[in-house]
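Worksheet: the structure to be examined is printed underneath.
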Amino acid sequence: VAADPLAEALARIVGPADCLTDPDLTAGYRTDWTGRFTGPARCVVRPGTTDEVAAVMALCAAAGQAVVPQGGNTGLVGGGVPRGGEVVLSLSRLVELEAVDPVGGTVVAGAGVTLAALQAHALAAGWDVGIDFASRDSATVGGLVATNAGGTRVLRHGDVRAQIRGVEAVTAAGVVVDRMTRLPKDSTGYDLPGLLVGSEGTLAVVTRVVWRLVPPAPERVTALFGLASYDDALTVLGEVRTAHAVLGAAETFGRAELELVRRHAGLAPPLRADHPRYVLLECEGRGAVEALARVLDGYPLVAETAVAVDAAGRAALWAYRERITECINAEGVPVKLDVAVPPTSLGRFEERVPEVVAGMAPNVRVLSFGHLAEGNLHVNLLDATEAEAEAVEGAVLTLVAGFGGSISAEHGVGIAKRRWLHLTRNPEDIAVMRAIKDALDPHGLLNPGVLLAPAADG
Ligand code: MLT
Ligand code: ZN
């Protein structure tokens with residue numbers, strides 16, 4: 001096979017061991033975590049410094065070569081894998097972690113640092129990270145920033161955008177933009193960090209960030225409730241919130257998801273009886289146990305509760321929620337919808353989804369679970385043909401829009417949901433996004449086709 005001159009030039013920048021062309025070696029970078037999105041790559045390049053990222057981008061820009069930035073490849077919307085011969089730019093070697101700044105409560109982290117490594121680093125310095133989710137061991141800072149990731153602690157600490165104070169990024173032309181501000185107050189001009197968070201690798205390649213840390217919770221109590229319905233779940237959540245107990249998480253799943261996770265993960269039943277709805281609540285702060293008990297002791301809506309305060313017991317309860325994703329994948333390649341509706345609409349939304357799906361694709365199985373407090377439901381479809389998937393996606397997302405919801409609450413738009421952007425963003429809004437894209441990436445080389453259609457397609 002004739003050598004690729006671009007790959008050879010990239011290898012001279014990053015070293016031959018970090019420019020991969022062999023299909024066996026690039027395989028893990030070309031297919032996404034769900035197995036639904038896959039494509040050929042021209043090569044995979046893994047720079048070890050910001051300057052190498054800049055040199056890679058400059059070379060690709062000169063060659064008119066499209067680039068797909070990639071973090072831990074745990075994305076669920078096809079936004080981090082190639083579609084047709086792009087260069088995959090893996091940021092996995094940018095693992096720099098500076099000492100925690102105890103006065104500012106921040107830490108500088110490279111794009112390739114995993115969420116778990118960031119958490120361990122923060123905890124060792126007496127701080128914590130305001131973001132958490134199940135793929136913490138693989139998901140990286142760069143990917144979290146690119147998707148404005150959410151997870152299970154958003155109700156307490158906000159999304160990734162709320163954690164990021166400064167960024168360093170490389171433009172499509174290969175220019176390093178340094179906005180590594182550590183200042184909590186800085187009203188000087190456009191909010192570049194805010195713009196790059198959630199830009200899904202379409203505006204610039206994030207190489208480093210200033211991450212704002214949070215105080216660790218001195219105590220945590222995790223409780224799993226069995227309930228009759230979504231409406232009861234929301235009533236319980238409202239009760240806890242009104243009592244001003246410090247809520248760290250409020251997650252939910254149903255009977256079918258519990259059955260799946262028990263079957264695949266071999267877990268014992270968490271409660272004595274079966275319930276239509278489960279809610280996992282976590283309260284934190286001093287007196288968390290008493291606070292939760294005060295609110296819910298003898299509360300009539302709660303049919304059954306399991307409570308844990310020690311790490312092992314809490315992890316055992318979290319497993320019922322956190323392992324749902326991998327257990328769905330064990331059943332087949334899912335179509336994943338990541339929507340949000342106003343929490344008070346969850347009950348009606350949850351009723352309508354199976355009706356909509358059954359009307360279009362009777363054999364398709366629906367599993368849904370997610371983040372109760374934000375109304376962020378992960379609607380997963382199994383056994384759908386591509387045609388069914390498209391029809392059902394459109395119908396469910398139209399339903400979401402009708403509820404005043406979001407078609408992408410935390411996973412990003414990626415390739416998967418681009419065609420549905422118009423459901424929740426009007427033409428003027430999309431035109432502004434397009435103008436921003438064109439200003440930063442005039443030749444459309446950064447992650448083409450993600451979020452917005454490639455320019456040539458209109
Ligand atoms: C979760 O909340 O578990 C994640 O967003 C992953 C998923 O949606 O499967
Ligand atoms: Zn989620």
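The values are calculated or read from the model by the stated rules, or taken from the named source; none is laboratory data. A quick note: this is a predicted structure, and the numbers were derived from the prediction, not measured. When we count neighbours, we look across all protein chains shown, and the Cβ atoms used for this are built from the backbone with ideal geometry, even at glycine. The protein model used for the area step is the full one, side chains on, heavy atoms only, and it has no ligands, DNA or RNA in it. Shrake-Rupley method; radii C 1.70, N 1.55, O 1.52, S 1.80 Å.
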Meets criteria (within 16 Å of ligand 2 (Cβ to nearest atom) and either open to solvent by less than 10 Å² (accessible area, probe 1.4 Å) or under 26 Å from ILE324 (Cβ atoms) (or both)) for GLY143: yes
Contacts under 7 angstrom Cβ, first residue in region 303-331 being part of a loop (DSSP other than H, G, I, E, B), partner of a type outside the set (A, V, I, L, M, F, W, C), 6 or more apart: ALA303/GLY226; ALA303/HIS275
Odd one out for ALA120, checked against (1) of a type outside the set (Ser, Thr, Tyr); (2) buried (at least 18 other Cβ atoms within 10 Å of the Cβ); (3) more than 16 Å from ligand 2 (Cβ to nearest atom): (2)
Set ALA273, ALA268, ALA249, ALA243: member being under 26 Å from ASP128 (Cβ atoms) and open to solvent by 40 Å² or more (accessible area, probe 1.4 Å): ALA243
Criterion (within 30 Å of ALA330 (Cβ to Cβ), in contact with a Ser or Thr (Cβ under 7 Å, 6 or more places away or on another chain) and assigned to a helix (DSSP H, G or I)) met by exactly one of ALA256, ALA233, ALA249, ALA223: ALA233
Selection from region 276-295 of residues that are of a type in the set (A, V, I, L, M, F, W, C) and open to solvent by less than 20 Å² (accessible area, probe 1.4 Å): VAL279, LEU280, LEU281, CYS283, ALA288, ALA291, LEU292
Residue match in region 447-455 (condition: buried (at least 19 other Cβ atoms within 10 Å of the Cβ) and under 19 Å from VAL175 (Cβ atoms)): yes
Selection status of ALA395, in a loop (DSSP other than H, G, I, E, B), in contact (Cβ under 8 Å) with a residue 12 or more places away in the chain and not β-branched (Val, Ile, Thr): no
Positions within region 183-230 being charged (D, E, K, R) and buried (at least 16 other Cβ atoms within 10 Å of the Cβ), in sequence order: GLU200, ARG208, ARG212, ARG220
Whichever residue in region 339-348 is assigned to a helix (DSSP H, G or I) and away from ligand 1 (no atom under 16 Å from the Cβ) and, among such residues, is farthest from HIS371 (Cα to Cα): ARG348
Matching option when the condition is exposed (fewer than 15 other Cβ atoms within 10 Å of the Cβ) and farther than 19 Å from ALA169 by Cα, among ALA41, ALA2, ALA11, ALA7: ALA2
Meets criteria (basic (Lys, Arg) and within 13 Å of ARG321 (Cα to Cα)) for ARG255: yes
Residue tally, condition hydrophobic (A, V, I, L, M, F, W, C) and under 19 Å from THR50 (Cβ atoms), over region 100-128: 7
Region 404-441, residues that are touching a Phe, Trp or Tyr at 6+ places or on another chain (Cβ under 7 Å) and either open to solvent by less than 40 Å² (accessible area, probe 1.4 Å) or of a type in the set (Gly, Ala, Ser) (or both): ILE407
Options ARG321, ARG314; residue that is within 25 Å of ASP159 (Cβ to Cβ), at pLDDT 95 or above, in contact with a Lys or Arg (Cβ under 9 Å, 6 or more places away or on another chain) and not β-branched (Val, Ile, Thr): ARG314
Flag if ALA134 is open to solvent by 40 Å² or more (accessible area, probe 1.4 Å), touching a Lys or Arg at 6+ places or on another chain (Cβ under 8 Å), in contact (Cβ under 8 Å) with a residue 60 or more places away in the chain and among the small types (Gly, Ala, Ser): yes
Of residues in region 311-338 being surrounded by 17 or more Cβ atoms within 10 Å (Cβ to Cβ) and over 29 Å from ALA389 (Cα atoms), the one nearest to ligand 1 (Cβ to nearest atom): TRP318
Filter result for the condition that a residue is part of a helix (DSSP H, G or I), at negative phi and away from ligand 2 (no atom under 16 Å from the Cβ), over ALA109, ALA162, ALA172: ALA162
Selection within region 366-392 - in contact (Cβ under 8 Å) with a residue 40 or more places away in the chain and more than 14 Å from ligand 1 (Cβ to nearest atom): ASP383, ALA384, ALA389, VAL392
